[in-house]
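Novice: Starting off with a structure, shown below.
The values are calculated or read from the model by the stated rules, or taken from the named source; none is laboratory data. Computed from a predicted model, the values in this text were never measured in an experiment. Cβ placement follows ideal geometry from the backbone for every residue including glycine, while neighbour counts extend to all protein chains displayed.
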Amino acid sequence: MSKAKVTLIPLEDADRNQFVLDNQEAFKYGATQEFGMRDDHFEEDGEIISRDTIERAIDEENAETYRIVCDGKVVGGVVIRIDKEALQGDLDLLFVSPLAHSRGIGFAAWQAIEKMHPEIKVWETVTPYFEKRNIHFYVNRCGFHIVEFYNSHHPDPNDHEASGQAQEDSDGMFRFEKRL
């Protein structure tokens, strides 16, 4: 079997809405695989990740947003932020369509990101505690290390939105780092 060709294409404004919908579909799939339809981790209107969260990531200063294309077909997306002075990168969002899982597409996309930014010395990302696929992907495939566990007893100091009751109800997020 030949290896799929994966490329990253900058997000065009005309594709922004579809990017959000595709991201929501991928995140919902992961949560419902873990919890079934009884999931209570939704941010808004039955979505695991809200439109607002995705759009804020896209619009963040120093953000780069790409569509993941495999063999000419859009199969996912990624949002990264680059701090060239600190030589640090943040992987804000990475998703692959559930129909394209387990084909090495996410890993190929991650490799492309690292090649695009060889100057970055530390990459960071977070994922919910229940996302076993993501934890496996970041640790075993991409070489990240779990460095922190945010929860109600140890809140994320950078999450200014999750305060008060939202922080108390938080189930937890792992923070990962990859040092190059």
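Novice: How many residues are charged (D, E, K, R), closer than 20 Å to L180 by Cα and surrounded by fewer than 18 Cβ atoms within 10 Å (Cβ to Cβ) when one looks only at the stretch 61-117?
Specialist: Selection size over the stretch 61-117: 6.
Novice: Another question about this same structure. Out of E43, E47, E55, report the one residue that is charged (D, E, K, R) and modelled with pLDDT of 95 or more. Spell out how you get there, then give the answer.
Specialist: Working: E43 fails: modelled with pLDDT of 95 or more; E47 fails: modelled with pLDDT of 95 or more.
Checking each option against the conditions leaves just E55.
Novice: Next up: What is the number of the single condition among (1) more than 30 Å from H154 (Cβ to Cβ); (2) touching a Gly at 6+ places or on another chain (Cβ under 8 Å) that D83 does not meet?
Specialist: Condition (1) is where D83 drops out.
Novice: Are any residues in the stretch 71-92 acidic (D, E), assigned to a loop (DSSP other than H, G, I, E, B) and at pLDDT 95 or above, and if so, which ones?
Specialist: E85
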